[in-house]
Amino acid sequence: MGPGFDAVIGDRDVLLVVDVQNDFCPGGALPVADGDAVVPVVMRLAEKFRHVVLTQDWHPPAHRSFASSHAGKLPFDQVALDYGPQILWPDHCVQETAGAAFPPGLMIPHAALMLRKGFRREIDSYSAFYENDHRTPTGLGGYLRERGFARVVVVGLAFDFCVRYSAEDARLAGFDVVVVEEGCRGIDVDGSVAATRSALTERGVRLIDTL
Ligand code: VGL
Ligand code: ZN
């Protein structure tokens, strides 16, 4: 990619839209402040890309990442699970519920793949590439490689969780990775938005304001 960002979008570029779902929008179960504001941005970007992939957080009821699955715990408490630390969340994005659906304004007919993640009860999956054990692949890396993409442009919710870990893993998989901040909003647990900006920059992910 070089020092400058190449704003010309071509056939080797894919737009990865992470978890833009009703439960992460105002009024949802795990609302991200201003989360719905990304919808028109995503729609505008999607018009520039021939290739679009959407992800969907997709949990079974009583998922292990839900505070309600842990006696005496509250949302945003942290616990140690066998694969490492886990922040506990309000019940969200339960399979086949309205909260797990895409907001009505998000219509991307040419999106080729909708990838669901977090569907195993015992393990969370922030990244669209690996579950939170960092070992169980979702298959997205293989899909993107086989399709011949070189650059992954990431937007969505939440900036400091699923966007962050998806962008990091895309970079580790060898893609050029760009995160467009205008198309993201964060949850910001204990400074996680600032931590995300430095982690992404350190790992060679390019952060840009707009595209
Ligand atoms: C997410 C917390 C829990 C996200 C998903 O999409 O960023 N965050 N589940
Ligand atoms: Zn989740």
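The values are calculated or read from the model by the stated rules, or taken from the named source; none is laboratory data. Quantities reported herein were computed from a predicted structural model and do not represent experimental measurements. Here the Cβ is made from the backbone with ideal geometry for all residues, glycine too, and neighbour counts use every protein chain on show. For the accessible areas, the whole protein counts, side chains as well, though only heavy atoms, and no ligand, DNA or RNA atoms are used. Shrake-Rupley method; radii C 1.70, N 1.55, O 1.52, S 1.80 Å.
Considering region 50-75 alone, what residues qualify as being surrounded by fewer than 20 Cβ atoms within 10 Å (Cβ to Cβ) and in contact with a helix residue (DSSP H, G or I) (Cβ under 8 Å, 6 or more places away or on another chain)?
Those that are surrounded by fewer than 20 Cβ atoms within 10 Å (Cβ to Cβ) and in contact with a helix residue (DSSP H, G or I) (Cβ under 8 Å, 6 or more places away or on another chain): A62, K73, L74, P75.
Go through region 156-177 residue by residue and tally those that are within 13 Å of the chain's Cα centre (by Cα) and either of a type in the set (A, V, I, L, M) or part of a helix (DSSP H, G or I) (or both).
Total meeting the criteria: 14.
Do any residues in region 156-171 that are among the aromatic types (F, W, Y) have Cβ atoms under 7 Å from those of residues that are part of a helix (DSSP H, G or I) and open to solvent by less than 10 Å² (accessible area, probe 1.4 Å), where the two are at least six apart or on different chains, and which pairs are they?
F159/T196
Mind checking which residues of region 1-36 are of a type outside the set (V, I, T), open to solvent by less than 80 Å² (accessible area, probe 1.4 Å) and touching a His at 6+ places or on another chain (Cβ under 9 Å)?
Hits for region 1-36 are D13, L15, Q21, D23, F24, G28, A29, L30.
Right, V152: in contact (Cβ under 8 Å) with a residue 12 or more places away in the chain, under 20 Å from V20 (Cα atoms), more than 14 Å from ligand 1 (Cβ to nearest atom) and touching a Phe, Trp or Tyr at 6+ places or on another chain (Cβ under 7 Å) or not?
Yes; evaluated as a whole, the condition is true for this residue.
Out of the strands (runs of 3 or more DSSP E) lying entirely within region 1-86, which hold 3 or more residues that are within 29 Å of F175 (Cα to Cα)?
By residue number, 13-18, 52-57.
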